[in-house]
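Student: Before I ask anything, here is the structure I am working with.
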Amino acid sequence: MVYTIAILCSLVGYFLIGHLAGRRVKHLDDYLVAGRNAPTFFILGTLVASYLSTSAFLGETGFAYDGYPFVMLIFAAISTSGCLLGALAFGRYLRRSEARTVPEFFGKRFDSRRVQMIAGLTTVIGLGAYLVGVMQGAGIMFSELTGMPYWTGLVLVWLTYTGFILYSGSPGVMVTDTIMFVIFSLAALGGSIYILQDLGGWHGVIEGLLSQTDKPDIALWHGVLKGSDATFSTPGEALTWGITLGLVWAAVLAASPWQSSRYLMARNEHVVMRSAMLTAVALAVFYALMMMTGAAINLYDSQLDGERAMVWASLNILPTWLGVVILTGVFAAGLSSCSTFLSIIGFSISNDILPPNRSEKAAMRASRLSILGAGLVSLIIALFQSPAIMAVVWFAATLFASSWGPVALMSIWSRRITAAGAGWGLTVGFVSNIALSLMDQAQWISLPVYLHPVVLSTVAALVAIVVASKLTRVTAPQKAYRAFLHEHDRDVSAAWISGTRVVALCTMLAGAAIGIFLWFQYATTLDALAEQFDVPGQAITGGYLLAAGCGAMLLAAGSAGYWVVRKRGHKAPDMQPARS
């Protein structure tokens, strides 16, 4: 009963908060990009909330429970660094464009309504699939916690986030995302610390995982390699998967519409860089704690369904009050992602696909009707499609890695890409990824880990961009717009630059701290227990390399941020004072 009350109260609370945020919406820019005045903390909150959904709390933690906590750490070390590098290489230029949506940015950059529409269509289709996945996760959570039917949970969740998005647009999404970010961050931290301490800390958990026999090698960096349920058959295959998917999700964090569009709401480019650095730190801490927690749940019960392991632990292991906090936090993560995805879908339909040149009032009405229509379609699909949370979410996300990733980066850094190249790159990367993924799922083809459909489709997209660009010319407006994007913004104070340097230094220190923590808590512990449990020397070496690598990736990302800010500061000595 207490969980039912907590969930229902959270639904009402988010609806009211979103409704209050909507009172500030007066113009179309307020509705679509929150007036471009959001501070660092709000962009941080919406970035993390947009990325972490029920897929992370249920699907990815479940993958750790199934036997691969440290493979997920390899994945996370690479992917989270992509958040900052993406902001530096793409996000700050996107903010400089002052577009209302990312597809609109592509339209401006390539002086092509056609490119804008293609990007808009891929947004609607790809995020539509992603939305269905996280909605189903939220529906499952609601059903398991309240005992009500699954469809009831879906409908109530849909009514809540659709209700406040229709009225408040981006401000409602941003404010509720930030509140949800605080709640599920505290929930993840509290739940992880309780479970790990209950089992004797990292040392106790690692010793317990080494001694159990249901999932052999789960405590080693490569995870479970034996048995019919093993995902990987060799350490090399596990490493290849972690690196490949890590790079894919780095591209997702850098260029996907639900991540990069958050920068359009930022107050300035320094907010973009600061929030990206802090997001990388927050995600690194989250994965270090939650993946170990997912594996640790095996020491209570090793026969659970992986995607429900965290829910089971919250209901059966944690104190009631902490279980309520963490489960409402997981629920909030799903709700925040739903609200973000639906708002972006609706904005893209109205701004990038429907005919332009409407009045501001008509555009606002079109956005709200688009949100309502897209929401109804996603609800119907979620009701009748069998849930497969992690599979659907990961499939939808990789669509943008292969189609948007190459075009986004080349739109900033290539002088030779043309509108035709961009259009064909978006189309080929998107369609080929869908086709290869479906053929792989149907077992028509069998691809090795290093030739994941997203890898092949990214190569196909690059080939399409190069060929189409060679057959066409870069126009004068395209050259001029790219030159405008690379003009230095001098309207920023020294205080902003100094503050961003401090954040970059903190990011570097966080990377060093995470590396040291994993070195002593994981690798050294594994080394100390090696003789007792006959741990191979290669696994111990891998543990030390894992610890060093996880810290080094974040350290490198922070260093890149510091270098960019320092370089920009030297180029703008005439900046006027401004409040930061």
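Student: Which residue is nearest to residue 212 (Cα to Cα), if the candidates are limited to the stretch 515-549 and must be of a type in the set (Asp, Glu) and either in contact (Cβ under 8 Å) with a residue 24 or more places away in the chain or surrounded by fewer than 16 Cβ atoms within 10 Å (Cβ to Cβ) (or both)?
Tutor: Initial filter on the stretch 515-549 (of a type in the set (Asp, Glu)): 527, 531, 534.
Next, from what is left, pick out any that are either in contact (Cβ under 8 Å) with a residue 24 or more places away in the chain or surrounded by fewer than 16 Cβ atoms within 10 Å (Cβ to Cβ) (or both): 531, 534.
Working: 531: 16, 534: 13 Å.
The qualifying residue nearest to residue 212 (Cα to Cα) is 534.
Student: When the residues of the stretch 354-386 are narrowed to those that are of a type outside the set (Gly, Ala, Ser) and either crowded, with 18+ Cβ neighbours inside 10 Å or in contact with a strand residue (DSSP E or B) (Cβ under 8 Å, 6 or more places away or on another chain) (or both), which ends up modelled with the lowest pLDDT? Step through it out loud before you land on a result.
Tutor: Narrowing the stretch 354-386 to residues of a type outside the set (Gly, Ala, Ser): 354-358, 360-361, 364-365, 368-369, 371-372, 376-377, 379-381, 383-385.
Filter again for either crowded, with 18+ Cβ neighbours inside 10 Å or in contact with a strand residue (DSSP E or B) (Cβ under 8 Å, 6 or more places away or on another chain) (or both), leaving 364, 371, 379.
Numbers: 364: 77, 371: 85, 379: 87.
Result: 364.
Student: Ok, one more. Tell me, please, whether a residue that is acidic (Asp, Glu) and more than 26 Å from residue 110 (Cβ to Cβ) can be found in the stretch 472-490. Reasoning before the result, please.
Tutor: Looking only at the stretch 472-490, we keep the residues that are acidic (Asp, Glu), and these are 487, 489.
Pick out the ones that are also more than 26 Å from residue 110 (Cβ to Cβ) and you get none.
Within the stretch 472-490, not a single residue is acidic (Asp, Glu) and more than 26 Å from residue 110 (Cβ to Cβ).
Student: While we're here: Condition test on residue 282, is it crowded, with 24+ Cβ neighbours inside 10 Å and within 24 Å of the chain's Cα centre (by Cα)? Don't jump to the end; show me each part of the working.
Tutor: Values: crowded, with 24+ Cβ neighbours inside 10 Å: no; within 24 Å of the chain's Cα centre (by Cα): yes.
Criteria not met by residue 282.
Student: Looking only at residues that are in contact with a helix residue (DSSP H, G or I) (Cβ under 7 Å, 6 or more places away or on another chain) and in a helix (DSSP H, G or I) in the stretch 450-459, which one is nearest to residue 409 (Cα to Cα)? Before the answer, list the steps.
Tutor: Kept after step one, since they are in contact with a helix residue (DSSP H, G or I) (Cβ under 7 Å, 6 or more places away or on another chain), are these residues of the stretch 450-459: 450, 452-458.
Now narrow it down to the ones that are in a helix (DSSP H, G or I): 450, 453-458.
Details: 450: 23, 453: 20, 454: 17, 455: 16, 456: 18, 457: 16, 458: 13 Å.
My answer is 458.
Student: Does residue 165 satisfy the condition of being surrounded by fewer than 21 Cβ atoms within 10 Å (Cβ to Cβ), closer than 30 Å to residue 43 by Cα and touching a residue at least 12 places away in the same chain (Cβ under 8 Å)? Write out each step before concluding.
Tutor: Values: surrounded by fewer than 21 Cβ atoms within 10 Å (Cβ to Cβ): no; closer than 30 Å to residue 43 by Cα: yes; touching a residue at least 12 places away in the same chain (Cβ under 8 Å): yes.
No: the conditions fail for residue 165.
Student: From 252, 272, grab the single residue that is of a type in the set (Val, Ile, Thr), buried (at least 20 other Cβ atoms within 10 Å of the Cβ) and in contact with a strand residue (DSSP E or B) (Cβ under 7 Å, 6 or more places away or on another chain). Break it down into steps so the answer makes sense when it comes.
Tutor: Working: 252 fails: in contact with a strand residue (DSSP E or B) (Cβ under 7 Å, 6 or more places away or on another chain).
Testing whether each residue is of a type in the set (Val, Ile, Thr), buried (at least 20 other Cβ atoms within 10 Å of the Cβ) and in contact with a strand residue (DSSP E or B) (Cβ under 7 Å, 6 or more places away or on another chain) leaves just 272.
Student: From 426, 447, 409, 438, which residue is in a helix (DSSP H, G or I), of a type in the set (A, V, I, L, M) and more than 22 Å from the chain's Cα centre (by Cα)?
Tutor: Numbers: 426 fails: more than 22 Å from the chain's Cα centre (by Cα); 447 fails: in a helix (DSSP H, G or I); 409 fails: more than 22 Å from the chain's Cα centre (by Cα).
Going through 426, 447, 409, 438 in turn, just one is in a helix (DSSP H, G or I), of a type in the set (A, V, I, L, M) and more than 22 Å from the chain's Cα centre (by Cα): 438.
Student: Does residue 495 satisfy the condition of being surrounded by fewer than 20 Cβ atoms within 10 Å (Cβ to Cβ) and over 28 Å from the mean Cα position of the chain (by Cα)?
Tutor: Details: surrounded by fewer than 20 Cβ atoms within 10 Å (Cβ to Cβ): yes; over 28 Å from the mean Cα position of the chain (by Cα): yes.
Judged against the criteria, residue 495 is a match.
Student: Go through (1) in contact with a Gly (Cβ under 8 Å, 6 or more places away or on another chain); (2) in a loop (DSSP other than H, G, I, E, B); (3) of a type in the set (A, V, I, L, M) and name the single condition residue 462 misses.
Tutor: Every listed condition holds for residue 462 apart from (2).
Conditions tested, residue by residue: (1) among the hydrophobic types (A, V, I, L, M, F, W, C); (2) part of a helix (DSSP H, G or I); (3) surrounded by fewer than 21 Cβ atoms within 10 Å (Cβ to Cβ).
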position: 15; (1), (2), (3): yes, yes, yes
position: 57; (1), (2), (3): yes, yes, no
position: 62; (1), (2), (3): no, yes, no
position: 74; (1), (2), (3): yes, yes, no
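Student: Would you check which residues across the stretch 211-223 are buried (at least 21 other Cβ atoms within 10 Å of the Cβ) and either of a type in the set (Val, Ile, Thr) or closer than 28 Å to residue 319 by Cβ (or both) and list them?
Tutor: 215, 218, 219
Student: State yes or no: is residue 39 at pLDDT 90 or above, more than 21 Å from residue 243 (Cα to Cα) and touching a helix residue (DSSP H, G or I) at 6+ places or on another chain (Cβ under 7 Å)?
Tutor: Details: at pLDDT 90 or above: yes; more than 21 Å from residue 243 (Cα to Cα): yes; touching a helix residue (DSSP H, G or I) at 6+ places or on another chain (Cβ under 7 Å): yes.
Here the answer is yes, as residue 39 does meet what is asked.
Student: Another one. Is there a residue being without any contact (Cβ under 8 Å) to a residue 24 or more places away in the chain and on the phi > 0 side of the Ramachandran plot anywhere in the stretch 422-435?
Tutor: no
Student: What are the residue pairs meeting all of these: first residue in the stretch 26-46, first residue over 20 Å from residue 342 (Cα atoms), second residue of a type in the set (Ser, Thr, Tyr) and assigned to a helix (DSSP H, G or I), Cβ atoms under 7 Å, and 6 or more apart or on different chains?
Tutor: 40/275; 41/178
Student: I would also like to ask the following. I'd like the full set of residues that are crowded, with 24+ Cβ neighbours inside 10 Å and over 21 Å from the mean Cα position of the chain (by Cα), limited to the stretch 107-134. Step through it out loud before you land on a result.
Tutor: At the first step, the residues of the stretch 107-134 found to be crowded, with 24+ Cβ neighbours inside 10 Å are 107, 109-110, 115-116, 118-120, 123, 126-127, 130-134.
Listed by number, the residues that qualify are 107, 109, 110, 115, 116, 118.
The values are calculated or read from the model by the stated rules, or taken from the named source; none is laboratory data. This structure is a prediction, so every number in the text was calculated from the model and none was measured. Please note: Cβ atoms are built from the backbone with ideal geometry, for glycine as well, and neighbour counts cover all protein chains shown.
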